[in-house]
Structure formats: C-alpha cells, structure tokens
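Here is the structure we will look at, set down as structure tokens.
The values are calculated or read from the model by the stated rules, or taken from the named source; none is laboratory data. Just so you know, these numbers come straight off a predicted model, no measurement behind them. Backbone-built Cβ (ideal geometry, glycine too); neighbour counts: all protein chains shown. Accessible surface areas use protein heavy atoms only, side chains included; no ligands, DNA or RNA. Shrake-Rupley method; radii C 1.70, N 1.55, O 1.52, S 1.80 Å.
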Amino acid sequence: MPGSHKLCMIPGPVEFDEAVLAAMAAPATSHVSPNFIETFGSTIELCRKVFLAPNGQPFIIAGSGTLTWDITAANLVEPGENVLVVNTGVFGDWFGECLGVYGANVTHVRAPFGARPSLEEIEKALTAKKYKLITVTHVDTSTSVFVDIKSIAKMVKEKSPDTLIALDGVCSVGAEEIRQEEWGLDVVMTASQKALGTPPGLAIMVVSQRALEVAANRKAEPRTYFGSFKKWLPIMKQYEARKPSYFATPSVQLILALHTSLKQLVDQGMETRFAKHREASKKVKDALEKWGLKLVPHSRDIAANTLSAVYYPDGIKGPELLQKIGAAGVVVAGGLHPEHAAKYFRIGHMNVSAVNEAENGHLDKTLHAIESALKVKRHPSPSL
Ligand SMILES: Cc1ncc(COP(=O)(O)O)c(C=O)c1O
C-alpha cells in the first residue's frame, strides 16, 4: 500500500515507529536459532519492566488481545465459579461472554454509557457472594472510560483477599499508569497493536505467582489446549533461560518488532511514557472541548489518556465528517458501542503518536484535519 498511507489515528492498530517496522523485515529465522532465543528471552524480561511486575510471569503468544481473555478464563476459572465484571462498555460485555464460554457464573456491575460504577457499587457487588475473579477493563475502547484499578484492587484486597484480580489492559498497557506488582494485580492483559506500538498479532499478559498457583491447583484440567498455562509456562521459562523450546511456533518477526518497541519504552522510562500520554490526551481533549465538542466520558477524570471518544456536533453527519477527516490524510474511528455508535467517533493517541509529537506532529495533523472537517456546512437535522 505504499503511497496510500493515511495517518492511522484509531485506537489500535496505531502508527509504528520505523525501527519497529524494520525489525519486522527480518529474513526467515528459525524459532530456535540462538539470535532469536536471545531476543525472545530479552522480550520476556522487558515485559516485566513495562508492566512493573518484577516477579510476574510474562506470556507472549501468537494471537490478539481476545486470546488473553480466553487464557485467563480457561486457566483461572472452573465451571460454576463466580466472576465479577466491572463493565464500562462492550469490551466488558464481550469479556463476560468469553468467561461464560468456560462455565463461569458471570455478574456484571454496570454504569450508564460514558460513566463508570462507583467504588461503593463495586464493593457492594463483590461482597454479595464469593468471587473467584474480578475483571476490570482499564480503558474500555468503546466508551474511552478509564477505571481506577488502583483503588479497586486496594478495596478487593481488603474485602475479599482471595479474589483474583484481572485487568484488561489492551487499551492501556504502556500508556496508562499500571504498577502490577505494587497494586497486587494477578493478571494484566494486552495486545501488540496499541500502546506497545507493534503490528497486531501478539497476545501479551503478565501473571502473578499467586494466579499461577491457583491454575496449577485446579480440580479439572483447563478446557483449552493452545491456551493452557501448563503448556506455555515451560516455554516462556526456557526462552528466558536462553534455551531452545517448542510448543507452538512463535511469531518470530512480531516478537523481533515487539522487542524493539519494548526496548524503546523501557529506555525512555515508564514514568515518562505515562506522562507523555497524559499530555497528548490533554492536548487533544482541550482542543475538542474548545471547539464545543462533548466527550463521551461524563467527566475528564474518568476519560482515558489513550484515546478520545467525542460526540458529533449537532447538524453534522458522522460518516461525512469521518470522510472529510480521511480526505485530509487522517483516519479516525467511528463509534463502537452498539447502542450509541452513530453518535460519536474516536481518536487514538498512543505510542509514537503520543510521545513523539515534537518530531512527527501526529496530534497537530489530526487536530487540524478534524478542525477543517468541522467547518463543512452543517446539516439542519439536529438529531445526530
Ligand atoms: C479494551 C479491549 N479489550 C480487548 C480487546 C480485544 O483485543 P483484540 O482486538 O486484539 O483481540 C480490545 C480491542 O480493541 C480492547 O480495546
């Protein structure tokens, strides 16, 4: 597609750094060659630094973010056990659906579109019965609502210490502050194509030793073959020990790219990455609000730093606006929540598009494209 590239400002896949793309272009490489073993081992170590989980167990497996849901559900929940889903959008619905496939008895604690359940509501739901697992979508990409996982994890530790805590960080890891070990998170899940700035195709998660023990002491074998911790744990350990290993072929080129990207994150420092994503988000949201647009999250303090979801202004036809923005060379995403999709659009600002503004000007280009598209003649219908 050379020549046809438009700036990809959707909430994943995001724009890729040149060095990350160059790493993908490696020639055919055996997955047990010494140079690949070294890179894979180092990538596993880098994951611990990005997730701030010095004692966690990383898993890097061919697949997408959704696979991390399956792996969590299949290994950590036995049929009939209770799981509480803190739901702030469709990704909460779908994670719940996935958990149900593995026999979990799922309860959702929900909030209206653009809001999040209060800590008190979550506590009330959690203490109503015994839960094996609580899942939280850190940033639900369908609403851009951000959830305060730190406070939730603290509350869970106090009120129900045996409940495992799983964070869907697909739209947050590498950008929003996450301190997996300090906050006591048992599973943090993500995928390669968002704030980790790598092409899609890797399911990435870091699991606490406590959760691995729970999985190892299950009554029944997990109902998954490809996604079994038992299969992958020795593989991850072998690669980290710089020894060849095989269960299922790893995505060699993607892992080379991920290694390059994670090294960039760690070299820059996670605190700086978090701060730069906050800055980028502020810049975008300040501009949108200055133009009179309304954000989907009910307040700025529950709005994600990784993307902005914003209502179309009255009298503007959504598809036409997106087309105009596209004509200016920038791709943004439409709404995703089934009941509200036609009313809003989403702008991703992650990885190079958030942290390298001085060099690449992605945010300025995007804001300029949106601003000029908004100047199109407004339609009389106020219904959108
Ligand atoms: C919050 C969240 N969870 C899970 C997923 C699923 O990830 P994937 O599309 O990589 O399977 C997404 C995808 O956008 C997401 O935003």
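Set the bar at 26 Å for Cα to Cα. Now go through Lys194/Lys365; Lys154/Lys343; Lys6/Lys285 and name every pair that lies beyond it.
In this structure, Lys154/Lys343 exceed 26 Å between Cα atoms.
Ranked highest first by average number of other Cβ atoms within 10 Å, how do 29-39, 68-78, 329-339 line up?
Per-residue mean Cβ counts within 10 Å order the peptides as 68-78, 329-339, 29-39.
Beyond 26 Å between alpha-carbons counts as too far, so tell me which of Lys283/Lys375; Lys157/Lys276; Lys159/Lys230 fall in that bin.
Over 26 Å Cα-Cα: Lys157/Lys276; Lys159/Lys230.
For Lys294 and Lys231, what is the calculated FRET efficiency with R₀ set at 41 Å and r taken between the beta-carbons, to the nearest 0.05?
Efficiency for this residue pair is about 0.30.
Given Cα pairs under 8 Å that are at least 6 residues apart, what percent is the relative contact order of the chain?
After rounding, I find 24 percent.
Using a 1.4 Å probe and counting only protein heavy atoms, arrange Ser308, Ser160 so the residue with the most accessible area comes first.
Accessible-area ranking of Ser308, Ser160, largest first: Ser160, Ser308.
State the answer as a single residue: which of Cys47, Val145, Leu321 lies farthest towards the positive end of the charge dipole of the chain, with beta carbon charges of +1 for Lys and Arg and -1 for Asp and Glu, about the Cα centre.
Leu321
Taking 7 Å along the Cα-to-C-beta vector as the label spot, tell me the Ala220-Asp267 distance in nanometres, rounded to one decimal.
Label-label distance for Ala220 and Asp267, simple model: 4.9 nm.
Based on the Cβ-Cβ distance from Lys154 to Tyr246, what FRET efficiency comes out when R0 is 45 Å, to the nearest 0.05?
The calculated FRET efficiency here is 0.65.
I want to check the label-to-label distance for Asp286 and Arg179. Put each point 7 Å from Cα in the C-beta direction and report it in nm to one decimal.
Roughly 2.7 nm, to one decimal.
Could you work out [θ]222 nm for the chain from helices alone, using -39500 (n - 2.57) per DSSP H run of at least four and dividing by all its residues? Round to the nearest 500 deg cm²/dmol.
Helix contribution divided over all residues of the chain: -12500 deg cm²/dmol.
Using the Cα centre of the chain as the reference point, and only Cβ charges (+1 on K/R, -1 on D/E), how large is the resulting charge dipole? Debye, rounded to the nearest 20.
Result for the chain is approximately 340 debye, rounded to the nearest 20.
How do the peptides 257-268, 108-119 rank, highest first, by the average count of neighbouring beta carbon atoms within 10 Å per residue?
Top of the packing list down: 257-268, 108-119.
Kindly report the accessible area of segment 19-267 per residue (heavy atoms of protein chains, probe 1.4 Å, no ligands, DNA or RNA), in Å².
With the other protein chains kept in place, segment 19-267 gives 37 Å² per residue.
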